[in-house]
Amino acid sequence: MHNVLHTEFPGLSPYHSLSEPAQVFARELAQELGTSEEMVACTLLAMFAAGQIGSECEVSKSHRIGLSLYMAIGAEPSSGKTPIMKRMKPTLDNLISKHIALPPDEAATRRARRDLLSSRIKGIKTAFKKKHNATILTEDINELADLQKELDAISIPQAPLMGKMSPQSFIKELSLRNGLGILIDDEGAPLSSFHKINPDDITPFLDAWSNTTIEDITKHEQFHAKNPSVVLLCMWQTRPLLKLLRTPEYSENGLTARFLPFIMPASEPKTGYGQVSATAERWYADQLERTIIQLKECRTLTGCHPKLHLSHEANIMLKNFQTTLTWQQRQNMPFDNHHGIAGKLLVHAVRLAMTLHAMETTSHGNMGIDMNTMHRACNLAMFFGMQSATIINTTNQDEMRKQAQPLIMTIANSQQFTHIHHGYTTTELCRPHGLSKKKCERILFWMMAQGWIYPQQAQRQLPTGSIESCEIWVPRFNFCTLL
């Protein structure tokens, strides 16, 4: 059994955080489309988060965390953003239309009833005006009040799927969906519109992530969304995405910390081959439908959204993660200058655990998140946190950063063909650039202080066949974010 009390959280990429069936689907779709399995994995996480929109997780008796997930993928043109979306999003759209959206005939009935009530109310008010000074009967007033009450009670909620919209209309659109919003776009929306507005005007997006009630009250209209739950997946070109996430105002108000960023490594175009197996396609459709059916049944039977909880071991794992985050915010540690990012990772971890759980559970009644799922979710949150910190750190170039560039290039190029967390000896990194071991180690220790790599003891096989113990340096994330 995993030792919960002595757990490390070095970080785990999206693809490697998935269970075996999900990895098979991500790998086969990436091969078919000639794109990155990590990018497919990020999209999978967003789809399954959307499938349980509005759900909550009980962390303690007095503390629940609602599901809101903001994910941003940066990738260059022709990297597979649109093909991935075209293959995966229609399944989500169809299942929501089938299980969640109001049936067309029911929507038509409600609209007709609202029209009749509105007409009746208008008729009574017109009659009141014609009476002039005549006494208005109490029965008429009561009838009008009853009609108005019935009219106000008739709602025609829209499905949570949201299309392109301006940031200013976010509250209205969310209000029309009872506070549930799913916005998945492969052309940068809504982030591509943020540069047009004042950073103070994105507060509704910040509050929606925090499940805080938002409202917009004008002279003629009132819109509000209580305990909102929003899943946002934004695929955008790398350069504008990095520019937005590095904007000082967005770092200060917490927008950057609320996003889970993944930057696709720059690489040569790939030719797709093969196709996703019927087994993998069926897994994706069936598992996502199982998640959405559970959402529907909870709402039908209890009037509430699903409420998950952590097992005892998972709760200990989360507390260990919190301890690790506190430690890593100390001086010269990875989150030394990024307390805002580190402060959001605990919530990110719980929400990612909810998402991984939905991707893996085979029972509608299984609402408990186990220790293994929580451990992978914490490592995944750490991965995204390191990505965010790195994105901000790279705005501050200095002499050591320039000296480290050759090593960064070597690791980034190697990661295109190896595991992201593949380790390197000092000799492997310094020899191609003619660096002395002493200078190379100085650069490596500086890179460790930035939170980019960490040392680890490993066993390596020598050409003679014997095994030697050596120190390797392990990257925590995709080094393409440093280029």
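The values are calculated or read from the model by the stated rules, or taken from the named source; none is laboratory data. Fair warning: this is a prediction, and the values are worked out from it, not measured in the lab. Backbone-built Cβ (ideal geometry, glycine too); neighbour counts: all protein chains shown. Just the protein is used for accessible areas: all its heavy atoms, side chains included, with ligands, DNA and RNA removed. Shrake-Rupley method; radii C 1.70, N 1.55, O 1.52, S 1.80 Å.
Computed FRET efficiency, Cβ-Cβ of residue 403 and residue 159, R0 45 Å: what is it to the nearest 0.05?
Details: r = 53 Å, r/R0 = 1.19.
So the FRET efficiency works out to roughly 0.25.
So for region 349-483, what are the equivalent ellipsoid semi-axes in whole Å, largest first, each being the square root of 5 times an eigenvalue of the Cα gyration tensor? Could the numbers behind the result be given before it?
Details: eigenvalues 226, 85, 25 Å².
Over the Cα atoms of region 349-483, the semi-axes work out to 34, 21, 11 Å.
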- Note on the structure: So, with points 7 Å from each Cα along the Cβ direction, the residue 300-residue 107 label distance in nm works out to 1.9 nm
- Pair residue 422, residue 128: separation of 7 Å Cα→Cβ label points (nm): 7.7 nm
- Query: Roughly how many Å² of residue 93 are accessible to a 1.4 Å probe, to the nearest 10?
  - Reply: 40 Å²
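Calculate, for region 342-483, the solvent-accessible area per residue in square angstrom, rolling a 1.4 angstrom probe over the heavy atoms of the protein chains. Let's see the in-between values first.
On the way: 5840 Å² over 142 residues.
Result: 41 Å² per residue.
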- Task: Kindly express, to the nearest 10 degrees and within the range 0 to 90, the angle between helix 81-99's C-alpha long axis and the longest C-alpha principal axis of the chain.
- Result: 40 degrees
- Item | For the chain, share of DSSP beta bridges that run antiparallel, in % to the nearest 5 | 45 percent
- Query: To two decimal places, what compactness ratio does region 361-430 give when its Cα radius of gyration is scaled by 2.2 N^0.38 Å?
  - Reply: 1.63
- Item | Over 17 Å [Cα-Cα, region 26-121], rounded percent | 66 percent
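Once you have a ≥ b ≥ c as the square roots of the Cα gyration tensor eigenvalues for region 181-334, tell me rounded if a/c is under 1.5, and otherwise prolate or oblate according to whether a/b is larger than b/c. Working shown, then result.
Values: a/c = 1.19, a/b = 1.05, b/c = 1.13.
Rounded is the answer for region 181-334, as its axis ratio a/c remains below 1.5.
Length gain on complete extension for the stretch residue 76 to residue 442, per 0.36 nm per residue less the alpha carbon to alpha carbon distance? Don't skip to the answer; put the middle values down first.
On the way: separation 366, 0.36 × 366 = 131.76 nm, distance 3.34 nm.
Here the answer is 128.4 nm.
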- In vacuum, with every alpha carbon of region 137-265 counted as one equal point scatterer, what does the Debye formula give for log10 I(q)/I(0) at q = 0.14 Å⁻¹? Two decimals, please. -0.68
- Whole-Å semi-axes of the ellipsoid equivalent to region 153-200 (Cα gyration tensor, √5λ, descending): 23, 13, 6
- Taking +1 at the Cβ of each Lys and Arg and -1 at the Cβ of each Asp and Glu, which of 197, 247, 328 sits farthest along the dipole of the chain towards its positive end, judged by Cα position relative to the Cα centre? 197
- Over region 29-71, what number does the Rg to Rh ratio reach, with both radii from the alpha-carbon atoms and Rh per Kirkwood? 1.20
- Query: Once amide H atoms are placed 1.01 Å from N in the peptide plane, what residues at a sequence separation of 5 or more from residue 76, or on another chain, have their amide H within under 5 Å of its amide H?
  - Reply: 238
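Ordering 247, 126, 394 from largest to smallest accessible area (1.4 angstrom probe), what's the sequence?
Values: 247 35, 126 60, 394 15 Å².
I get 126, 247, 394, largest accessible area first.
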- Compactness of region 192-276 - radius of gyration and Dmax, Cα, Å: 17.3, 58
